[in-house]
Amino acid sequence: KNKECCKCSLCQSRNQIVFYDGNPYSPVVFVGEAPGEEEDKQGKPFVGRAGQLLTRILQKIGWDRKDIYITNICKCRPPNNRTPKPEEIQTCINTFLIKELKIVKPKVICALGATAGKTLLGKNIKITKMRGNFYSSLIYPSAKIFLTFHPSYILRNPSATKIFLEDLKKLKEYVNSISS
Ligand code: URA
């Protein structure tokens, strides 16, 4: 069970490491926070309730999730879905995310929620204020970082669905404009 990465303590409670899903040639990479219960069971990111919502909204704007690259800041489920600790994030991005980005070489990275946004921008952010816009990244300077809500937030606040949808449309228009 824990023969693979055990560089942080999340390896003791996880079922399995959850790597990326989708297309490694995608110009856009979606980054969430960490796997939840269902992801930890299935070994695939964004397959639980929040993931299904994301999949549906992407579908709505004409993006099939198998055509884009989806991953998380942390690859292992934190106990009780707590927010990953700074040292878990640092260890995990050095072990996985930074290497993934060097392979995929995305033009844009969509940070889903504050944990991903904070990590990719390298500073504290206010997601409600900063979402819907593009930023520069310290950890991966050759891509733009687009910030939007985490789909779990939309589950808790359905009235933000429209904003989320509009954000993703804006992201898709940008991706289309640079890759055609
Ligand atoms: N939430 C995340 O941030 N990542 C997942 O993979 C699932 C839910």
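Among the residues of the range 89-117, those identified as touching a strand residue (DSSP E or B) at 6+ places or on another chain (Cβ under 9 Å) and over 12 Å from TYR140 (Cα atoms) are CYS92, PHE96, CYS110, ALA111, LEU112, GLY113, ALA114, THR115, ALA116, GLY117.
Can you pull out the residues in the range 115-130 that are open to solvent by 40 Å² or more (accessible area, probe 1.4 Å) and under 13 Å from the mean Cα position of the chain (by Cα)? Result: LYS118, single match. Would a scan of the range 82-93 turn up a residue that is more than 16 Å from the ligand (Cβ to nearest atom), among the polar types (S, T, N, Q), open to solvent by 10 Å² or more (accessible area, probe 1.4 Å) and farther than 18 Å from ALA50 by Cα? Yes: one or more hits.
Taking ILE68 as the residue in question, decide whether it is more than 11 Å from the ligand (Cβ to nearest atom), of a type in the set (Val, Ile, Thr), open to solvent by less than 60 Å² (accessible area, probe 1.4 Å) and over 27 Å from GLU173 (Cβ atoms).
So ILE68 fails the test.
In the range 103-114, the residue that is farthest from the ligand (Cβ to nearest atom) out of those that are open to solvent by less than 10 Å² (accessible area, probe 1.4 Å) and of a type in the set (Gly, Ala, Ser) is ALA111. Here ARG77 meets each of (1) touching a helix residue (DSSP H, G or I) at 6+ places or on another chain (Cβ under 6 Å); (2) within 23 Å of MET130 (Cβ to Cβ) with one exception, condition (2).
Every residue in the range 1-42 that is in a loop (DSSP other than H, G, I, E, B), farther than 30 Å from LYS169 by Cα and small (Gly, Ala, Ser), please.
Selection gives SER13 alone.
Scanning the range 134-157 for residues that are closer than 17 Å to GLY48 by Cβ, over 14 Å from the mean Cα position of the chain (by Cα) and open to solvent by 10 Å² or more (accessible area, probe 1.4 Å) gives LEU155, ARG156.
How about the range 43-108: which helices (runs of 4 or more DSSP H) wholly inside it have at least 3 residues that are closer than 20 Å to ARG156 by Cα?
49-60
Scan the range 14-35 for residues that are open to solvent by 30 Å² or more (accessible area, probe 1.4 Å) and more than 16 Å from the ligand (Cβ to nearest atom) and the total you get is 4.
The values are calculated or read from the model by the stated rules, or taken from the named source; none is laboratory data. All of these numbers come straight from a predicted model, not from anything done at the bench. FYI the Cβ positions are ideal-geometry reconstructions off the backbone, even for glycines, and counts take in every protein chain you see. What goes into the accessible areas is simple: the full protein's heavy atoms, side chains included, and nothing from ligands, DNA or RNA. Shrake-Rupley method; radii C 1.70, N 1.55, O 1.52, S 1.80 Å.
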